[in-house]
Amino acid sequence: MTAPGQEKLVISGLHAAVDGQEILKGVDLEIGRGEIHALMGPNGSGKSTLGYCIMGHPSYEVTAGSIELVEADGTRHDLLAMEPDQRARAGVFLAFQRPMSIPGVRLADFLRHAVTNVRNPDRKEGQELMPMRDFRSELKAKMADLSIDTEFARRYVNDGFSGGEMKRAEILQLAMLRPKFAILDETDSGLDADAVRLASQSIARIGGAEMGILIITHHEQLLEHNIPLRTHVMLGGRIVESGGPELAAELHKRGYERIRAAYPEAAAAERSLQDAATSNAPHPVTA
Amino acid sequence: MATGLHPSAGDSSTIAIGTGDAIGDINKYDFRTDSPAVFKARRGIDAGIVAQISEMKREPAWMRDFRLKSLEIFNSKPMPHWGGDIAVNFQDIFYYLKPAEQQGKTWEEVPDAIKKTFDRLGIPEAERKFLSGVKAQFESEVVYGSLQEDLSKQGVIFTDTDTAVREHPELLREYFGRIIPPTDNKFAALNSAVWSGGSFIYVPKGVKIEFPLQAYFRINAESMGQFERTLIIVDEGAQVHYVEGCTAPMYSTESLHSAVVEIVVKKHGRCRYTTIQNWANNIYNLVTKRAMAYEGAMMEWIDGNLGSHLTMKYPAVYMMEPGARGEILSIAFASAGQHQDAGAKLVHAAPNTSGRIVSKSISKNGGRSSYRGLVRVEPGARKSRSSVVCDALILDDKSRSDTYPYIEIEEQDVSIGHEASVSKIGEEQLFYLTSRGLTEAEASTMIVSGFIEPLVKELPMEYAVEMNRLIELQMEGSVG
């Protein structure tokens, strides 16, 4: 799908499990740098799991398939062989749906460390960080560009942040780390319409020809300023259909009934996953 | 400009330790320098040794008698049966060493071996600047000290306690051993018998010292106990911040450190006492610290404990008159083979007194940290308020944390609060940070630094930097 000679993130036949429960059942996806892809699908279809697998969350076990970075000259890098920090240094970024708070650690201090590592992939622990002056002026410019108050950088990472503030902090990190490939996991969830529009605009400013973006979302508003090259629909742990922007609009208006009817096997997988989740619950839910 | 007594904030060349290029150079904390001990007492403790120490110091009779009486008390008291396991052979310790005949008056007069030691502590170029206002205890005595002229003009006394005994007997006789009498506990009695060195500070009425006074302590003789004795008197409306820091070299045999720190803060005075101690892993650090705060006075202890085999330390504030305030902030870091039994004590002895204890502990690699604290409200101390918050962070399954909060309230009309939490570094937090390019070790260190940040930000700039470097050192090799 992607043009030859373009650097890309390639996911093939990916199966993944949590606590022995298979969630992803063969995912294939290619994203080229500079492309925007949207990933939609009902809750529990495996969208966030895909994001975690790309980033290397230790609770998610990849049981089959591959995730690779393929350079323009065809050189392949196996992401699955890398720790999360190595993946970040290789140019992969995940904006979390629910970012963790790190009390006592200022956003600016954390970000300076992260930026230093990501821009100097061979840096050893304990070596100098990016000069404070350079970092500050860059951070200040980025914050102004994204209409974020500079006071924000002095706050502790996600500690006491509102939902909207957390998402803005994620977008700021995206802007500073400038990854080759970014997965944005429901960056619009919990935001009001104005905040979604702002987020959409911010992402459009940050992205461009150098960044491949996978936008995981339930809504099409986030795509307003980020027209996806392809929209993919996930159901029961697989991508069952891909299309243009009209697909996102259809799903947003009509939901997933047509998809479920069209792909009964994936719909069955979805039901069995839901049943497993219910039977694993601490208190049995009666129907 | 009255800033000669402390390194200016942000001037990293004058940071006490950790200014070397390689932050991770653990060897820096494991070195010895051969220094000529002019007088070397024999091992063990008895009336003969105690009298000899007093004689060496040419002390007046009252101090010699105080020492001998304290020895009797020490001998009569049993070992504490709580806290940690104290395996110290009192007859196997040197109780007194004198590194040089005279206390250095100028930098040139300071013995080369001692200069070398300060070099290794990471003060390569700026020794003079650094030391110009520092009371540095080397072995058992203060070997170098100088006092800013403007301070002495204001009547401030800042000297080693031995000198104070000779030069300020009236103040010493009034306060020495009055806040912590030798009968207080076995180790206070031991210190009272064999004490040596430490700092004496007197701040006269209404004098506010705007910059921290600093001291540097260090053990440097094998199997040697260090028993410094510090006395601080803050007169009415006066103000001082005293900073004591310590790294100790590592030795193979057991070593005992047992200090006594007594502080009096008079009406509307303010005193803050900041300590960061990073002892070698074989040191028993058994310290008694107590302050008495009078009407409207404020006493703050900020206490960081790293290293040592066993630390038992519970800085106390006795609020003696209405409106007195006491605050104790403490950080403990226990790693393999270490037990930090640290805490705090607040005694409300008058109405309208208020106190606060914030304790943070980190246990790692089999280390054990315990919070042990007492809040006591005496009868009649109406409208007293105290709050205690202790948070523990446990880094792995081998490590341990305990909380022993004691609350004794003999008055109805009071407000006392206690909160405790124990947490572990979460996999989700680590994943979040590593997904941004931090290694797992860097991520853990960052989480730990964040955990203690509320206390570290109370430290003077250079000590905050030092504290963070010590934490980095402690965290090295903790992951993978």
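Can you confirm whether B:LEU395 is of a type in the set (A, V, I, L, M, F, W, C) and either farther than 30 Å from A:VAL92 by Cα or free of Cβ contacts under 8 Å to residues at least 60 places away in the same chain (or both)?
Details: of a type in the set (A, V, I, L, M, F, W, C): yes; either farther than 30 Å from A:VAL92 by Cα or free of Cβ contacts under 8 Å to residues at least 60 places away in the same chain (or both): no.
It is false that B:LEU395 is of a type in the set (A, V, I, L, M, F, W, C) and either farther than 30 Å from A:VAL92 by Cα or free of Cβ contacts under 8 Å to residues at least 60 places away in the same chain (or both).
What residue, of B:TYR273, B:TYR314, B:TYR371, B:TYR294, is over 27 Å from B:LYS186 (Cβ atoms) and of a type in the set (Phe, Trp, Tyr)? Reasoning before the result, please.
Working: B:TYR273 fails: over 27 Å from B:LYS186 (Cβ atoms); B:TYR314 fails: over 27 Å from B:LYS186 (Cβ atoms); B:TYR371 fails: over 27 Å from B:LYS186 (Cβ atoms).
Exactly one of B:TYR273, B:TYR314, B:TYR371, B:TYR294 is over 27 Å from B:LYS186 (Cβ atoms) and of a type in the set (Phe, Trp, Tyr), namely B:TYR294.
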Inset, instruction - Tell me, yes or no, whether segment B:331-345 has at least one residue that is open to solvent by 30 Å² or more (accessible area, probe 1.4 Å) and closer than 16 Å to B:VAL414 by Cα. - result: no
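Using the structure shown, decide if B:GLY417 is part of a strand (DSSP E or B) and within 22 Å of B:LYS289 (Cβ to Cβ). Don't jump to the end; show me each part of the working.
Working: part of a strand (DSSP E or B): yes; within 22 Å of B:LYS289 (Cβ to Cβ): no.
The answer is no for B:GLY417.
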Legend entry - Search result, residues across segment B:315-341 that are more than 16 Å from the chain's Cα centre (by Cα), farther than 16 Å from B:GLU300 by Cβ and of a type in the set (Gly, Ala, Ser): B:ALA334, B:SER335, B:ALA336, B:GLY337
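If we keep just the residues of segment B:439-476 that are of a type in the set (Gly, Ala, Ser) and surrounded by 20 or more Cβ atoms within 10 Å (Cβ to Cβ), which is farthest from the other protein chains (Cβ to nearest Cβ)? Explain how you work it out, then say what you get.
The initial filter retains those residues of segment B:439-476 that are of a type in the set (Gly, Ala, Ser), namely B:441, B:443-444, B:449-450, B:464.
Okay, now just the ones that are also surrounded by 20 or more Cβ atoms within 10 Å (Cβ to Cβ), so B:443-444, B:450.
Values: B:ALA443: 8, B:SER444: 11, B:GLY450: 3 Å.
Per the criteria, the residue is B:SER444.
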Legend entry - Yes/no for A:ILE102 being β-branched (Val, Ile, Thr), in contact with a Lys or Arg (Cβ under 8 Å, 6 or more places away or on another chain) and under 19 Å from A:LEU174 (Cα atoms): no
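How many residues are of a type in the set (Phe, Trp, Tyr) and either within 18 Å of A:GLU186 (Cα to Cα) or in a helix (DSSP H, G or I) (or both) if we restrict to segment A:17-71?
In the first step, residues of segment A:17-71 are kept if they are of a type in the set (Phe, Trp, Tyr); the result is A:52, A:60.
Right, trim to either within 18 Å of A:GLU186 (Cα to Cα) or in a helix (DSSP H, G or I) (or both) and you get A:52.
Result for segment A:17-71: 1.
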Inset, instruction - Evaluate the following for B:SER384: is it modelled with pLDDT of 90 or more and closer than 20 Å to B:ALA316 by Cα? - result: yes
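Residue-by-condition table, conditions (1) more than 24 Å from A:GLN6 (Cα to Cα); (2) under 15 Å from the mean Cα position of the chain (by Cα); (3) of a type in the set (D, E, K, R):
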| residue | (1), (2), (3) |
| --- | --- |
| A:SER59 | yes, no, no |
| A:LEU69 | no, no, no |
| A:MET82 | no, no, no |
| A:ARG87 | no, yes, yes |
| A:SER101 | yes, no, no |
| A:VAL115 | yes, no, no |
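Listed here are the residues, each with its yes/no results for (1) modelled with pLDDT under 95; (2) in a helix (DSSP H, G or I); (3) over 25 Å from A:LEU50 (Cα atoms); (4) open to solvent by 70 Å² or more (accessible area, probe 1.4 Å).
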| position | (1), (2), (3), (4) |
| --- | --- |
| A:LEU80 | no, yes, no, no |
| A:ASP85 | no, yes, no, no |
| A:ALA88 | no, yes, no, no |
| A:MET100 | yes, no, no, no |
| A:ALA114 | no, yes, no, no |
| A:VAL118 | no, yes, no, no |
| A:LYS124 | yes, no, yes, yes |
| A:GLN127 | yes, no, yes, yes |
Inset, instruction - Go through segment B:434-478 residue by residue and tally those that are of a type in the set (Lys, Arg) and part of a helix (DSSP H, G or I). - result: 1
Legend entry - Residue in segment A:113-171 that is nearest to A:MET100 (Cα to Cα), counting only those that are of a type in the set (Val, Ile, Thr) and within 14 Å of chain B (Cβ to nearest Cβ): A:VAL157
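In segment B:237-284, which residue that is assigned to a strand (DSSP E or B) and modelled with pLDDT under 75 is farthest from the chain's Cα centre (by Cα)?
Residue satisfying both the conditions and the ranking: B:THR247.
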Inset, instruction - Residue by residue through segment A:225-263, note down the ones that are of a type in the set (S, T, N, Q) and free of Cβ contacts under 8 Å to residues at least 60 places away in the same chain. - result: A:SER242
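Residue by residue, here is whether (1) at pLDDT below 95; (2) over 24 Å from B:THR434 (Cβ atoms); (3) out of contact with any Ser or Thr (no Cβ under 6 Å at 6 or more places or on another chain); (4) basic (Lys, Arg) holds:
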{"residue": "A:GLU138", "(1), (2), (3), (4)": "no, no, yes, no"}
{"residue": "A:SER147", "(1), (2), (3), (4)": "yes, yes, yes, no"}
{"residue": "A:THR150", "(1), (2), (3), (4)": "yes, yes, yes, no"}
{"residue": "A:ALA153", "(1), (2), (3), (4)": "yes, no, yes, no"}
{"residue": "A:TYR156", "(1), (2), (3), (4)": "no, no, yes, no"}
{"residue": "A:SER162", "(1), (2), (3), (4)": "yes, yes, yes, no"}
{"residue": "A:LEU174", "(1), (2), (3), (4)": "no, no, yes, no"}
{"residue": "A:PRO179", "(1), (2), (3), (4)": "no, no, yes, no"}
Legend entry - Filter pass, A:ILE54 being under 15 Å from the mean Cα position of the chain (by Cα), open to solvent by less than 10 Å² (accessible area, probe 1.4 Å) and within 14 Å of chain B (Cβ to nearest Cβ): yes
Legend entry - Subset of segment B:45-84 (residues that are small (Gly, Ala, Ser) and open to solvent by 80 Å² or more (accessible area, probe 1.4 Å)): B:SER76
Inset, instruction - Can you confirm whether segment A:59-78 contains a residue that is more than 19 Å from A:ASP28 (Cα to Cα), crowded, with 22+ Cβ neighbours inside 10 Å, within 14 Å of chain B (Cβ to nearest Cβ) and not aliphatic (A, V, I, L, M)? - result: no
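The values are calculated or read from the model by the stated rules, or taken from the named source; none is laboratory data. Here the structure is a predicted model, which is why all the values come from computation and not from measurement. In this analysis, Cβ positions are derived from the backbone assuming ideal geometry, glycine residues included, and neighbour counts consider all displayed protein chains. With ligands, DNA and RNA removed, areas are computed over all heavy atoms of the protein, side chains included. Shrake-Rupley method; radii C 1.70, N 1.55, O 1.52, S 1.80 Å.
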